[in-house]
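Structure first, then comments.
The numbers here are math on the coordinates, done by the rules we state, and not lab data. Only a predicted model underlies this, so the values are computations on that prediction, with no experimental measurement involved. Using ideal geometry, Cβ is built from the backbone for each residue, glycine included, and neighbour counts are taken over all protein chains shown.
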Amino acid sequence: MWFLVLGLVLFLGVHSVRIVADGWRAQTLARVGEGPWKGLYSLVSAVGLALIVWGYGLARQQPVVLWVPPVGMRHAAALLTLLAFILLAATYVPRNAIKARLHHPMVLGVKVWALAHLLSNGNLADVLLFGSFLLWAVLSFRAARQRDQAQGTVYAAGSAAGTAAAVVVGAGAWAGFAFWGHAWLIGVAPMGR
């Protein structure tokens, strides 16, 4: 469990700099330059992610059950993760109304993904992993919206075609991951339970 916790501290810690120390981040970026900053950021993120994956895998071998979710939560999780994939796609598909309206769809997608997994899993490792990501996403979204207001950020309007593309790409990615990728990467078939 300690590897999971250490991985979460590293990964979410480096991703929380803009939440807790945006001024320090700007000063450090100006002092060391974008290349070294991104290099160190990427290295710490990669080490944190590797520790999360390893630690979570170890924790799953000897699960500590806190509760057993009702079967219906699996269905709710499937629908919520579909929404999370659409939000993720909206981050990258240009000129879509989802991003125009929500401004930070990736962080909202992480919120929805984490909530879905908290609803459908009741082990201690699940609560640590998905609860940490949910808390991070809530704080990150709030900080990003505050930055937008302070800087007067205006997001471009979306189009129907861009929005449709985001939905189709997100739904397609969700289907591929839900029916094939999740079992291959995670070892659990969410649609085959």
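Can you give the FRET efficiency to the nearest 0.05 for residue 46 and residue 185, using r as the Cβ-Cβ distance and R₀ = 25 Å? Walk me through the intermediate numbers first.
Numbers: r = 17 Å, r/R0 = 0.67.
Computed FRET efficiency for residue 46 and residue 185 comes out at 0.90.
Under the rule of at least 5 residues apart or a separate chain, name every residue whose amide H is placed under 5 Å from the amide H of residue 96.
159
What's the extension gain from residue 71 to residue 17 if we count 0.36 nm per residue and subtract their Cα-Cα distance?
Working: separation 54, 0.36 × 54 = 19.44 nm, distance 3.79 nm.
Gain in length upon complete extension: 15.7 nm.
Taking 0.36 nm per intervening residue step and subtracting the Cα-Cα distance, what contour gain separates residue 97 from residue 164 on full extension? Before the final figure, lay out the partial values.
Details: separation 67, 0.36 × 67 = 24.12 nm, distance 0.92 nm.
Using 0.36 nm per residue and subtracting the Cα-Cα distance, I get 23.2 nm.
How large is Rg/Rh for the chain, to two decimals, with Cα atoms and a Kirkwood Rh?
My calculation of the ratio gives 0.99.
Two decimals is fine: what is log10 I(q)/I(0) at q = 0.14, 0.15, 0.20 Å⁻¹ for the range 79-193, from a Debye sum with one equal scatterer on every Cα and no solvent?
Those come out to -0.63, -0.72, -1.09, one per q.
For the range 11-19, just list the computed ³J(HN,Hα) in residue order, Karplus coefficients 6.51, -1.76 and 1.60, θ = phi - 60°, integers in Hz, with x standing in for Gly and Pro.
My calculation for the range 11-19 gives 5, 6, x, 5, 7, 9, 4, 5, 6 Hz in order.
Kirkwood Rh over Cα pairs of the range 1-62 into Stokes-Einstein at 20 °C, 1.002 mPa s: D in µm²/s? Intermediate values should be presented prior to the final figure.
Values: Rh = 12.4 Å.
After rounding, the answer is 173 µm²/s.
For a quick check of your reading of the filter: which chymotrypsin sites (Phe, Trp or Tyr not before Pro) in the range 89-135 sit in a DSSP loop and have no more than 16 other Cβ atoms within 10 Å?
Values: sites: 92, 113, 130, 133; in loops: none.
Counting only loop positions with at most 16 other Cβ atoms within 10 Å, none of the chymotrypsin sites (Phe, Trp or Tyr not before Pro) in the range 89-135 qualifies.
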